1. Testing residue 69 on (1) in contact with a strand residue (DSSP E or B) (Cβ under 8 Å, 6 or more places away or on another chain); (2) part of a loop (DSSP other than H, G, I, E, B), one condition comes back false. Which one is that?
Ligand SMILES: [Zn+2]
C-alpha cells in the first residue's frame, strides 16, 4: 500500500530535478497554483475591505445609544431616537431642497476709522 506512493514521490522528485519539459511544466504549474493561493486571500480581503467601506458609508450611528443603522431609516431601530443628525450629513445637504442663498452668510463691509 505504501510502496506505490513512494514510487510516485520518487518519480515526482526526479521529474522536478531532471530538467525536462514535463518537469518545467510541473514547476510552472506549481508556481502558478502557489501564486494563486497566495494572491487569492489578498484579493478577497481587498474586496472585503471595499465592501465593508461601502457598507460603512451607508450606515449611521445613533447619537443616543451608538447603535448603527441604515441611512434611510428615520428612527433608531434599537432605542427609537429619531436620526436628527442624518439630515446634516454632506450627502443629504447637497439635495436641491435648500437654496444656496439660505446657506450663505452675507458680509457687510464697515468703515472702522470713521467711528473712532
Ligand atoms: Zn439608538
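1. Failed condition: (2).
Conditions (1) at pLDDT 85 or above; (2) within 20 Å of the chain's Cα centre (by Cα), marked per residue:
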| residue | (1), (2) |
| --- | --- |
| 48 | yes, yes |
| 55 | yes, yes |
| 62 | yes, no |
| 83 | no, no |
| 86 | no, no |
| 89 | no, no |
| 95 | no, no |
| 103 | no, no |
| 109 | yes, no |
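The values are calculated or read from the model by the stated rules, or taken from the named source; none is laboratory data. Every value quoted in this text rests on a predicted model; they were computed, and no experiment measured them. Ideal geometry is used to build each Cβ from the backbone, glycine not excepted, and the neighbour counts take in all protein chains shown.
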